[in-house]
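The values are calculated or read from the model by the stated rules, or taken from the named source; none is laboratory data. These numbers come from a predicted model, not from an experiment. Cβ sites come from the backbone with ideal geometry, for glycine too, and all protein chains shown count toward neighbours. Protein only, heavy atoms only, side chains kept; ligands, DNA and RNA dropped before computing areas. Shrake-Rupley method; radii C 1.70, N 1.55, O 1.52, S 1.80 Å.
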Amino acid sequence: MSARPDSSQQVRKKITVRSLLEKKQAGEKIVCLTAYDASFARVLDQADVDVVLVGDSLGMVVQGHETTLPVTVDDMLYHAQMVGKGLSHSLMIVDMPFLSYTSIDAALENAGCFMKEAGAQMVKLEGGAEQAEIVSALVQHGIPVCAHLGLQPQKVHKLGGYRVQGREAKAAEAMLEEAGILEEAGADLIVLECVPSELAEIISRALTIPVIGIGASVACDGQILVLYDILGLSMGRVPKFSHDFLAETGSIEGAVSAYVDAVKSGKFPGEDHVFS
Ligand code: KIV
């Protein structure tokens, strides 16, 4: 007798760039989390997390550095290859690490390596209008791009710390404009990190592409957190925008499912997790 796939496997289609856009259009929240290895990736995949980001946050939460700056392309490739092995449903995004996209050639080579050697479906890079040319070149070569505005951890030294961005009117206007420029350049997704909730809502409504918040607004089209933060493994200070879902569920699978439910139902982020 041949083994039959269970019913959940029959209905679960692979998430694509197009399905993310359809979710925004349908008003369905997009659930995203980071992962850095195959075992956790499998847990996320089975819990119906839409997007798994191999974040350069691994420099801090896995490698123990103070910032994400020491992370290399080889580090990202190593972790992305492991994460890819755990995924059959979720879409995998791989972060372009610090200084790996300073020219079109470098961006194409490094992003291409994540696509070809790890099966990435999208890459993420930090920055605003100054990255429009790079975004456009990647997209023209068939590499989907997630942009990242607001707090950009790769600029931590320039910013003078991990601070909320876009509080002053001029900075808020500039961020809205830059989001539009990145969409125009071909970005398929935008992460907004540590942005006042009102501004995050305005940007989410203004763009056609999905906007994913972290410390942004419940009105964003989706949410992302660092996996270790929702499992109560934050190093040092727990970020205001995060929540320990393991504390109330008692298991890793329970914590991930509780996060998925909270994002889908619009219960997360609450007032305590966003900035004004
Ligand atoms: O590196 C990362 O994990 C990220 C998310 C926090 C958005 O960029």
(request) Quick one: which residue in Glu133, Glu168, Glu183 is among the acidic types (Asp, Glu), in contact with a strand residue (DSSP E or B) (Cβ under 9 Å, 6 or more places away or on another chain) and at pLDDT 95 or above? (result) Glu183
(message) Tally up the residues in the stretch 110-135 that are open to solvent by 30 Å² or more (accessible area, probe 1.4 Å) and closer than 20 Å to Ala179 by Cα, please.
(response) 3
(request) Count, please, the residues in the stretch 180-193 that happen to be over 13 Å from the mean Cα position of the chain (by Cα) and either outside any helix (DSSP H, G or I) or under 16 Å from Ile93 (Cα atoms) (or both). (result) 2
(request) For the stretch 209-228, name all the residues that are more than 9 Å from the ligand (Cβ to nearest atom) and under 16 Å from Leu44 (Cβ atoms). (result) Gly222, Gln223, Tyr228
(request) Take the residues in the stretch 35-85 that are part of a helix (DSSP H, G or I) and open to solvent by less than 10 Å² (accessible area, probe 1.4 Å), then tell me which one is farthest from the ligand (Cβ to nearest atom). (result) Asp45
(message) Criterion first (under 16 Å from the mean Cα position of the chain (by Cα), modelled with pLDDT of 95 or more, under 22 Å from Ile190 (Cα atoms) and not hydroxyl-bearing (Ser, Thr, Tyr)) does Val83 satisfy it?
(response) yes
(request) Scan the stretch 230-275 residue by residue and report those that are part of a helix (DSSP H, G or I), over 20 Å from Arg42 (Cβ atoms) and open to solvent by less than 20 Å² (accessible area, probe 1.4 Å). (result) Ala262
(message) Condition (residue is buried (at least 19 other Cβ atoms within 10 Å of the Cβ) and either among the acidic types (Asp, Glu) or within 19 Å of Ile212 (Cα to Cα) (or both)) applied to the stretch 96-109: is it met by at least one residue?
(response) yes
(request) Please work out if Ser100 is of a type in the set (Gly, Ala, Ser), in contact with a strand residue (DSSP E or B) (Cβ under 6 Å, 6 or more places away or on another chain), more than 12 Å from the ligand (Cβ to nearest atom) and touching a residue at least 24 places away in the same chain (Cβ under 8 Å). (result) no
(message) Taking the conditions exactly as written (surrounded by fewer than 23 Cβ atoms within 10 Å (Cβ to Cβ), within 21 Å of Cys32 (Cα to Cα) and modelled with pLDDT of 95 or more), does Asp188 satisfy them or not?
(response) yes
